[in-house]
Amino acid sequence: GGATPVCSPPATERYAIKGAASATHLPGAGGGHMLVANYWDGASGYVESALVRVGTWEVLQTVLVRGARKWLHVRVVGNPVVVAAAFGGPTLAFLLSSTTPDPVID
């Protein structure tokens, strides 16, 4: 059988995690945040990927990416950057502001 999820997002937030290709944990961001790469929503690959707070599954921010496949968290000249690799469009890079208690994609 398949693995049982630790918890499910509330019904009001499930749209933010629809058609996910992958999820990436953000280290150093309070330990409780993930970037979800949404690839397809059933109608289009041009969908929003989400930054969510783990546990509460609160959607903190969304970013429009064409066919998102994976997020990567890296440091560039000491600055935290998140990169969204996309299937149907350009790869996008954003600065990640470390505001307390939640990060922000700039």
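Can you compute the modelled spin-label distance between L72 and S22, with each label point 7 Å from Cα toward Cβ, in nm?
Result for the modelled spin labels: 0.9 nm.
Just the Kirkwood number for segment 28-87, please: inverse of mean 1/r across all distinct Cα pairs, in Å, one decimal.
Computed over segment 28-87, the radius equals 12.2 Å.
Any read-out appearing in this document is the output of simple, stated calculations on the displayed coordinates, not a laboratory observation. Only a predicted model underlies this, so the values are computations on that prediction, with no experimental measurement involved. All Cβ positions, glycine included, derive from the backbone under ideal geometry; neighbour counts span all protein chains shown.
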